[in-house]
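The values are calculated or read from the model by the stated rules, or taken from the named source; none is laboratory data. The structure presented is a predicted model; accordingly, all values stated were derived computationally and were not measured. For neighbour counting, all protein chains shown are included, and Cβ atoms are generated from backbone atoms with ideal geometry for every residue, glycine included.
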Amino acid sequence: MPADKRAARLGILALVATLLFGAMGTRLWFLQTVQADSLQQTVDARKTKTVRLVPERGRIFDADGRILADNQPVLTVAIDWDVIRKSTDRAELFSRLSGWLQVPVAEMEDRYDSDLYSRYKPLPLAEDVPENIAVAIRERIEDFPGVSIETGWKRVYPYAPLASHVLGYMGAITAEDEARYKQLGYDTSLGGEDVGRAGLELSYEEILHGRWGEAVYEVDASNRIVREIRRTEPVNGMDIQLSIDLDLQQYTERLLQTQLRRMRDPIFCQRNPEVDQPNGTRGPLDKSRPVGACVPYKAPAGSTVIMNYQTGQVMAMASYPTFDNRWFSAGVDSAKFEEIFPTTGTDGERLDPDVQPLANRAFQGQYNLGSTFKVFTAYAALATGRISPSTTYNDQGTYQLVSIPNDRCVNEGVRCVFRNSFCAVLNGPCRYGTINVMQALAVSSDAFFYKLGEDFYLTPGTQLQDELHQFGFGADTGIDLPFEFDGRVRTNELKRQLIDSGALDEDEVDTLQPGDLVQLAIGQGLLAATPMQVAVGYSAFANGGFVVVPQIVQRIYEPETPDGAPGYADLTQGVVSQEIAPRSNRQIPMTPELRDPIQDGIRRNITGPGYNERSTTAMELFADYPRDAIQVAGKTGTAQGQRSYPWNDSSVFAAYSVQPELGPYTVVSYLEKSGFGSRAAAPVVKCSFLALSQKIALDPVAVAEPLDTSMSVPA
């Protein structure tokens with residue numbers, strides 16, 4: 001019996017063995033036949049290494065071909081992830097590399113542990129490595145298995161901080177933009193690649209970027225390259241040429257900054273006036289200061305735009321305060337960056353917008369326009385038939401609303417009387433007598449335009465607003481720069497939105513009142529516009545009614561435009577991919593009957609004569625203007641500031657050439673909290689036209705010195 005049991009057990013073992021060998025054989029057959037191809041691919045993949053090849057970013061040139069944004073090769077030491085998976089191997093390699101790279105082992109470990117770097121390409125251990133160090137490591141590559149020296153590009157701005165607001169800067173891809181850039185094929189991992197974050201670098205990102213290439217290598221067991229299997233070369237980004245002339249840009253930036261600094265001098269202070277108090281007495285406007293106290297202008301900021309009014313090409317665009325766009329690639333720590341570009345004020349509250357350097361005030365500033373706006377009100381009144389060129393008004397210094405009963409004005413405290421600006425010789429509001437629209441523009445009569453504002457209020461519909469929209473107010477101009485402010489024109493809907501948002505008091509009437517239209521007619525109140533919108537609007541008077549689209553880029557070139565003289569590209573050897581043609585949003589009627597009274601008025605504002613023994617607002621400033629310089633028509637403006645304190649008034653001046661054959665230019669300058677238009681902004685425009693007329697020599701532009709990262713200011 002025992003023998004029989006042994007035989008049974010042996011039979012069971014034989015059966016199990018037969019089944020196991022059968023399963024093993026079946027599996028071997030399956031692997032060698034059915035899965036042979038896929039397994040071979042896996043083996044092949046493990047023996048290859050793919051390296052992405054970085055495209056060189058397109059360069060940016062000024063109107064003369066001067067290189068404003070260039071690329072500098074950057075060497076990065078990186079290491080393959082597979083080689084450092086074991087902690088002992090990682091510690092050994094990091095220790096060997098630390099002295100060469102001057103990077104602590106702990107910092108390398110932090111990079112390895114961070115989960116912020118892509119696992120699909122080598123881990124970068126040090127960027128911007130000196131060439132001699134990179135060469136030395138490459139010569140000893142057998143001591144550093146898995147280590148590679150990768151070439152990338154660093155954006156450089158040879159003339160920074162000039163035109164920094166226009167050019168913009170580069171930065172890492174943010175979480176908000178990651179999905180979009182990933183869809184475009186960008187490397188969105190930390191340290192993957194930088195993209196344009198502002199200015200032209202952002203708005204032309206995809207044109208400047210180019211396309212990645214790749215190289216596939218065969219590697220041995222130590223991850224050393226044996227041979228190159230295939231290569232797809234990167235396609236470099238296209239180059240762009242601007243309409244900006246850097247010589248003129250430098251002059252404009254210096255001129256703006258100099259004039260702002262000048263207006264801070266106490267000799268230009270404003271006196272604290274004595275005014276009627278709510279209790280019927282007289283007292284200081286600013287109760288914290290005595291009557292007659294001299295308060296200096298803050299003059300913190302401003303902008304100037306010079307534009308070709310026929311093509312829309314911007315020749316210079318200055319914004320102050322400015323910044324050096326090299327800070328964004330300077331490698332400073334977060335504490336230093338916060339010192340240079342603080343996000344909050346010194347008291348922890350919101351940063352004072354007056355000192356914000358990153359805003360381009362030329363097309364992001366939100367301003368009242370003062371009397372420069374009167375040309376648009378005049379056009380609206382003429383175009384809608386509210387007045388004719390010969391319509392007159394007897395200006396006695398004040399205007400009283402006719403749409404509000406007098407008892408409401410007296411008993412309810414409703415403001416019904418609006419005054420002209422102060423005339424020292426009269427010790428009261430200026431009086432101009434009987435004037436027409438041309439004369440009203442020349443001497444800048446507020447009362448004439450107050451009446452037009454109320455006339456529009458009493459007219460059904462939104463005639464004034466409709467005409468203003470024709471000039472582009474309340475909408476962005478379409479300039480090829482990002483984050484443009486589209487402005488604000490008074491409407492019932494807008495007023496309700498401002499009340500709901502808390503910008504206006506909740507007890508405000510939520511529909512437009514007579515005072516709203518009266519204020520709009522002189523460029524005050526709820527109006528908000530940018531200097532660029534003013535430039536586009538004035539250009540329409542100059543060019544026959546075309547509301548041009550301002551543009552910074554005039555040509556796009558195929559990649560790799562050859563170099564010419566030092567610091568310049570040879571544009572004659574470049575291949576133009578696209579010529580940016582002039583564009584306009586619309587053409588508005590600009591017949592002689594509509595245009596001539598307005599142009600004659602603002603031309604007379606420059607040349608004089610005055611009217612009824614009153615000078616025009618700009619004639620004294622332009623008294624010495626050369627006759628052989630480009631002749632201009634222009635208008636001053638003083639935009640009332642916070643709490644009606646005169647030292648908070650902003651200065652604005654807009655003008656255009658009446659001689660297009662000598663230069664079809666429009667120039668607008670806005671100086672915040674700098675006082676009268678004729679005193680602060682008008683000299684900037686006058687000097688700009690003198691430079692355009694070659695009556696002022698422009699200084700040569702020099703290459704910038706290296707950025708001093710010990711500075712405590714942005715520029």
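For residues that are of a type in the set (Gly, Ala, Ser) and either in a helix (DSSP H, G or I) or not assigned by TED's automatic domain parsing to the domain that holds Val549 (or both), scanning just the stretch 441-482, find the one that is surrounded by the most Cβ atoms within 10 Å (Cβ to Cβ). The qualifying residue surrounded by the most Cβ atoms within 10 Å (Cβ to Cβ) is Ala442. For Pro290, the criteria (1) on the phi > 0 side of the Ramachandran plot; (2) at pLDDT 90 or above; (3) not assigned by TED's automatic domain parsing to the domain that holds Ala359 hold in every case but one, which is (1).
All of Lys298, Lys374 fail the test of being closer than 28 Å to Pro714 by Cα and more than 16 Å from the chain's Cα centre (by Cα), apart from Lys298. Checked across the stretch 654-675, the condition of being modelled with pLDDT under 95, surrounded by fewer than 23 Cβ atoms within 10 Å (Cβ to Cβ) and polar (S, T, N, Q) holds for no residue. Checked against (1) surrounded by 24 or more Cβ atoms within 10 Å (Cβ to Cβ); (2) outside any loop (DSSP other than H, G, I, E, B), Asp516 passes all but condition (1).
Quick one: Thr322 ticks every box in (1) among the polar types (S, T, N, Q); (2) assigned to a helix (DSSP H, G or I); (3) within 23 Å of the chain's Cα centre (by Cα) except a single one, so which number is it? The single condition Thr322 does not satisfy is (2).
Scanning the stretch 131-148 for residues that are on the phi < 0 side of the Ramachandran plot and either surrounded by 17 or more Cβ atoms within 10 Å (Cβ to Cβ) or among the charged types (D, E, K, R) (or both) yields Glu131, Ala134, Ile137, Arg138, Glu139, Arg140, Glu142, Asp143, Phe144, Pro145, Val147, Ser148. One residue stands out among those in the stretch 156-180 that are in a helix (DSSP H, G or I) and touching a Gly at 6+ places or on another chain (Cβ under 9 Å): the one that is surrounded by the fewest Cβ atoms within 10 Å (Cβ to Cβ), which is Leu167. Of the strands (runs of 3 or more DSSP E) lying entirely inside the stretch 184-294, those containing at least 1 residues that are out of contact with any Cys (no Cβ under 9 Å at 6 or more places or on another chain) and polar (S, T, N, Q) span 225-232, 239-242.
Taken over the stretch 102-126, the criterion of being crowded, with 17+ Cβ neighbours inside 10 Å and out of contact with any Phe, Trp or Tyr (no Cβ under 6 Å at 6 or more places or on another chain) is satisfied by Val103, Arg111, Tyr112, Tyr117, Lys121, Pro122, Pro124, Leu125, Ala126.
Yes or no, residue by residue, for (1) within 36 Å of the chain's Cα centre (by Cα); (2) modelled with pLDDT under 95; (3) aliphatic (A, V, I, L, M):
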| position | (1), (2), (3) |
| --- | --- |
| Tyr251 | yes, no, no |
| Arg262 | yes, no, no |
| Asn279 | no, yes, no |
| Arg282 | no, yes, no |
| Asp286 | yes, yes, no |
| Thr304 | yes, no, no |
| Tyr309 | yes, no, no |
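The number of residues in the stretch 224-243 being touching a helix residue (DSSP H, G or I) at 6+ places or on another chain (Cβ under 6 Å) and either without any contact (Cβ under 8 Å) to a residue 40 or more places away in the chain or more than 14 Å from Arg59 (Cβ to Cβ) (or both) comes to 0.
Would you check if there is a residue in the stretch 422-429 being under 30 Å from Gly461 (Cβ atoms) and assigned by TED's automatic domain parsing to the domain that holds Ala521? No, the stretch 422-429 contains no residue that is under 30 Å from Gly461 (Cβ atoms) and assigned by TED's automatic domain parsing to the domain that holds Ala521. Exactly one residue out of Leu520, Leu494, Leu481 is modelled with pLDDT under 95 and either within 15 Å of Ala362 (Cα to Cα) or aliphatic (A, V, I, L, M) (or both), and it is Leu494.
When we screen Gln356, Gln400 for residues that are touching a strand residue (DSSP E or B) at 6+ places or on another chain (Cβ under 8 Å), surrounded by fewer than 21 Cβ atoms within 10 Å (Cβ to Cβ) and among the polar types (S, T, N, Q), the only hit is Gln400. Picking from residues in the stretch 679-696 that are of a type in the set (Gly, Ala, Ser) and surrounded by fewer than 24 Cβ atoms within 10 Å (Cβ to Cβ), the one that is farthest from Ala633 (Cα to Cα) is Ala691. Of all the residues that make up the stretch 331-371, how many are hydroxyl-bearing (Ser, Thr, Tyr) and modelled with pLDDT of 90 or more? Total satisfying the criteria: 2. Quick one: would you say Pro342 is in a loop (DSSP other than H, G, I, E, B), free of Cβ contacts under 8 Å to residues at least 12 places away in the same chain and under 30 Å from Gln72 (Cβ atoms)? Criteria met by Pro342.
Quick one: in the stretch 214-234, of everything that is within 42 Å of the chain's Cα centre (by Cα) and of a type in the set (Asp, Glu), which residue is modelled with the lowest pLDDT? Out of the qualifying residues, it is Glu214. Only one entry of Ser678, Ser674, Ser651 meets the criterion of being under 25 Å from the mean Cα position of the chain (by Cα), assigned by TED's automatic domain parsing to the domain that holds Val534 and in a loop (DSSP other than H, G, I, E, B), and that entry is Ser674.
Considering the stretch 87-155, the qualifying helices (runs of 4 or more DSSP H), each wholly inside and each with 3 or more residues that are closer than 23 Å to Val219 by Cα and assigned by TED's automatic domain parsing to the domain that holds Ala69, run over 87-101, 131-139. Across the stretch 137-196, the number of residues qualifying as over 24 Å from the mean Cα position of the chain (by Cα) and either aliphatic (A, V, I, L, M) or modelled with pLDDT of 95 or more (or both) comes to 5.
For the stretch 188-216, filtering for residues that are among the hydroxyl-bearing types (Ser, Thr, Tyr) and either surrounded by fewer than 19 Cβ atoms within 10 Å (Cβ to Cβ) or in the same structural domain as Ser319 (by TED's automatic domain parsing) (or both) leaves 1. Can you find a residue in the stretch 332-343 that is out of contact with any strand residue (DSSP E or B) (no Cβ under 6 Å at 6 or more places or on another chain), of a type in the set (A, V, I, L, M) and over 24 Å from Val156 (Cβ atoms)? Yes, the stretch 332-343 contains a residue that is out of contact with any strand residue (DSSP E or B) (no Cβ under 6 Å at 6 or more places or on another chain), of a type in the set (A, V, I, L, M) and over 24 Å from Val156 (Cβ atoms). Of all the residues in the stretch 366-397, those that are surrounded by fewer than 18 Cβ atoms within 10 Å (Cβ to Cβ) and either part of a strand (DSSP E or B) or among the aliphatic types (A, V, I, L, M) (or both) number 1. Considering Gly185, Gly99, Gly152, the condition of being loosely packed, with under 15 Cβ neighbours inside 10 Å and either under 30 Å from Leu358 (Cα atoms) or of a type in the set (Asp, Glu) (or both) is satisfied by Gly185 alone. Residue check: Val703 meets all listed conditions (1) in the same structural domain as Ile598 (by TED's automatic domain parsing); (2) in contact (Cβ under 8 Å) with a residue 40 or more places away in the chain; (3) hydrophobic (A, V, I, L, M, F, W, C) but one, namely (1). Of all residues in the stretch 681-715, those that are over 24 Å from Pro357 (Cβ atoms) and assigned to a loop (DSSP other than H, G, I, E, B) total 7.
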